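What follows is a short report on a single structure.
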Amino acid sequence: MDNIEKIYLICAVIEFASLAFIFVRLIMSREAFFKSHISLIGASLLTILIYSFFIFSRTYQKAMLFDGLYFICTDWLCLSMLTFIVFYCKVNVESKIIWKIATCLCAIDSISLFINNWTRHSFDLSAIQIANEHIYWLCEFKWPHYLHLAWCYTMIAISSALLIYNTIKSPWAYKRNFAMILAAFLLLVFVNAVCYSQNLPIDFSVFCYPLLAMFTCYYTVYKVPRRVLGNALKLVNESVNDATLYFDVKDKCVYKNSKAKQLFSKDGKFDEQKAVQILRKARENHADSKNLSRECFMINGEELQFEVEAEEISNEKECLGSYLKLTDKTEETQKYLTQKFFATHDELTGLYNREHFFVLCDDRIENDVGTEFLMISTNILQFKLLNELFGEEIGNEVLVNIAIAAQTFFIDDSIIGRINDDKFCCLVQAKFFNESSLEEITQAAQDVIKDSMHKVNLRIGICHVRGIEEKAQTLYDKTQLVIKKDANNYSQNYAWYDSNLMDELFREHQITSDFESSLEQGRIQMYLQPFVDITGKTSGGEALARWDHKHYGIIMPDDFIPILERAGLMHKLDTYIWRQAAKTLADWQSKKNLNLQISVNVSSKDMFYIDIPKEFEKLLKEFKFNPRNLKIEFTEEGITNDKKNAGAIFERLKAFGFEIGIDDFGHGHSSLNMLKDINADILKMDMVLLQQDKNPERSEIILNFISQVSHALGMRLISEGVENSKQLEMLKNLGCDYYQGFLFSHPLAVDDFEKKYFEDNAIKI
């Protein structure tokens with residue numbers, strides 16, 4: 001065996017062993033892509049094996065046999081390569097006839113080459129001797145053999161075309177996947193063509209077949225996926241906001257994305273020692289089943305917080321390394337802290353919110369037993385109106401000023417909160433309280449709005465904390481109650497709570513709670529106070545209400561009417577009395593008492609709740625009484641509040657036949673101006689004009705003037721509150737038409753009124 005054969009044999013054994021190993025691995029693989037290499041590796045393995053037999057053949061017959069088999073192997077090797085390229089390039093060959101034709105052509109060529117052993121129509125061999133008398137075989141091609149070559153190069157050309165096409169058309173990241181296979185493929189073709197053209201005794205291009213197969217297998221099975229995966233991982237790791245680092249088994253950093261480089265940068269260099277330190281700390285936390293650790297980094301002067309996660313990377317057998325991931329939690333942490341803050345604080349002022357304020361106050365009162373505390377709260381009267389006039393931004397500025405002032409003057413350990421809207425509250429030690437600070441807080445609120453016509457009306461309520469049994473919510477309610485109670489006191493802007501106020505408020509609450517049930521039970525009754533004319537004849541009575549309360553007994557109107565007005569219930573009492581009056585008039589009419597009249601009152605706020613003319617129209621239709629016997633009296637205050645609407649109501653009522661009276665004349669501040677625009681039938685003077693204690697002469701002049709004005713305007717004049725004969729005599733001299741007061745009678749129940757005046761309706765005066 002000469003040196004050439006030894007070299008060939010060594011190369012052949014190495015390639016054969018390598019191919020055999022790869023072939024077995026592919027056979028054992030379950031991956032479809034791996035199996036696509038089997039035919040290519042198998043054909044290469046068989047090709048080099050057959051050619052090796054040819055090289056070491058010493059007889060002509062053996063040489064002819066193995067050389068023919070070698071050419072047959074090249075057919076199937078080219079077909080295997082074409083099959084792989086089609087699969088690798090993902091060419092969709094729907095028709096199986098193409099593969100059948102290709103297989104048939106390979107089979108025909110193989111038969112032709114095999115028959116050549118006897119016919120010698122394709123090629124022939126001639127022996128040559130080189131040094132040491134070693135025999136080599138030279139191949140002499142005949143024209144049919146070029147058909148074999150043409151078919152092989154046709155398959156090679158198709159494979160090359162597919163690779164060229166995919167190299168051109170593929171995205172830039174994938175061009176290399178096809179270009180490398182194409183380059184190796186063209187190199188094989190070139191070497192093979194050179195060997196063919198030179199007609200060398202040993203065709204060394206045969207080594208290119210297994211090399212191509214192995215390169216293809218390595219590049220497509222390992223290199224390309226790893227490179228694509230590496231590029232994909234790099235793109236992913238660079239695109240995410242997390243800092244990611246990968247370490248080998250010795251904790252040496254083998255990869256880091258740009259975010260990680262930025263975090264672990266020290267003096268412009270990557271600080272691997274710090275990264276490894278955090279990695280090991282995170283692994284310990286993970287091993288101890290602790291929460292993920294947090295790390296802070298200073299970047300561009302800003303402190304950033306990261307959540308650290310570490311995990312080992314391993315397969316089924318061994319550890320391959322570790323990865324470290326740092327997730328930026330700065331925004332999330334800040335958001336959490338902000339949400340946590342505003343869960344207990346007011347967003348506008350930064351003070352404690354309602355719920356947290358009460359909790360803190362309850363804790364302070366309960367824990368500091370020996371300390372005397374005050375609860376102080378504020379309320380801005382008509383704050384919504386301020387917002388409407390000056391805008392919400394100015395309103396917010398007022399609130400912020402109050403908060404700042406409260407924090408300035410209630411220092412030490414005071415607890416300050418914004419309860420809602422314009423209401424603030426503070427728990428302060430009594431020894432630190434100074435009433436002058438309340439004035440400062442009020443001034444801070446008023447400084448925002450410079451308009452002297454619309455000052456901020458800040459009211460403050462103060463309450464002593466009597467013991468740990470009192471809850472902050474209750475104390476706050478007490479301070480707001482005193483603010484509400486003292487709302488019309490303009491002499492000072494703060495008031496102190498006392499226990500009598502609670503009793504009064506409880507009574508008011510009891511009255512409003514029992515009102516409607518008392519109406520249904522008939523505990524509120526209509527009383528009549530007679531009014532007489534100048535001859536002493538009783539003309540009728542004014543309808544008044546008396547309440548026989550189940551707890552408080554008889555309640556007079558002065559005690560419950562203001563309460564009902566504040567509660568918005570007065571219109572229900574009025575409509576109830578109107579109905580009783582209409583029913584009574586209908587009853588009197590049926591008893592032939594046609595001249596007695598009843599006057600009823602209309603509250604100043606009734607027109608805001610009900611359609612007054614419509615209510616009286618319904619009563620008129622239901623009870624069918626003479627409308628002239630029901631006098632409807634409006635207070636001067638109700639008329640002056642909305643003269644235009646009042647005038648329209650008067651006209652509608654007069655159209656039904658009712659007479660209209662003006663009650664409490666002389667009590668308001670624009671009486672004469674009101675008379676100019678209002679067409680009424682009766683004018684009732686307020687009893688205050690009869691009180692002549694200090695200036696009787698002046699009072700008489702005013703009464704005389706009112707009498708003259710009323711008669712000049714065609715109105716009858718009634719004076720209420722007549723209590724003695726001196727007053728009566730004066731009113732007669734002034735020309736008053738009707739009189740009403742205790743001089744004649746106290747208010748009577750309807751039954752008592754009927755007994756007294758049905759038979760003798762004259763009063764001696």
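Odds and ends about this structure:
- Region 437-538, accessible area per residue, ligands and nucleic acids excluded (1.4 Å, Å²): 52 Å²
- Amide H contacts of His549 (H built 1.01 Å from N, in plane; Pro and chain starts excluded): Ile554, Ile555 sit under 5 Å, all sequence-distant by 5 or more or on other chains.
- Surface calculation, 1.4 Å probe, protein heavy atoms: Phe306 sits at approximately 0 Å² accessible.
- Largest to smallest in accessible area, the residues His711, His356 fall in the order His711, His356 (1.4 Å probe, all protein chains included).
- If you take all other residues with their beta carbon under 14 Å from the beta carbon of Ile610, and give Lys and Arg +1 and Asp and Glu -1, the sum is +1.
- Quotient of the Cα radius of gyration of region 581-633 and 2.2 N^0.38 Å, N being its number of residues: 1.18.
- Taking a straight Cα-Cα cut-off under 20 Å and skipping sequence neighbours fewer than 8 places away in the same chain, the aspartates and glutamates within cross-link reach of Lys281 are Asp242, Asp248, Asp251, Asp271, Glu272, Glu295, Glu307, Glu309, Glu311, Glu312, Asp328.
- Cα-based shape type of region 319-461, given that a ≥ b ≥ c are square roots of the gyration tensor eigenvalues and the cut on a/c is 1.5: oblate
- Lys252 sits with roughly 110 Å² accessible to a 1.4 Å probe, with DNA, RNA and ligands left out of the calculation.
- For Gly540, nonlocal amide neighbours, meaning residues 5 or more places apart or on other chains whose placed amide H falls under 5 Å from its own, are Phe531, Gln597.
- If you sort Lys485, Lys335, Lys431 by accessible surface, 1.4 Å probe, largest first, the order is Lys431, Lys335, Lys485.
- When only alpha carbons are used to place a centre, region 314-367 and region 709-745 end up 78 Å from one another.
The values are calculated or read from the model by the stated rules, or taken from the named source; none is laboratory data. The structure displayed is predicted, hence computed values, not measured ones. Virtual Cβ from ideal backbone geometry, glycine too; neighbours counted across all protein chains shown. Calculation scope for accessible area: heavy atoms of the full protein, side chains included, ligands and nucleic acids excluded. Shrake-Rupley method; radii C 1.70, N 1.55, O 1.52, S 1.80 Å.
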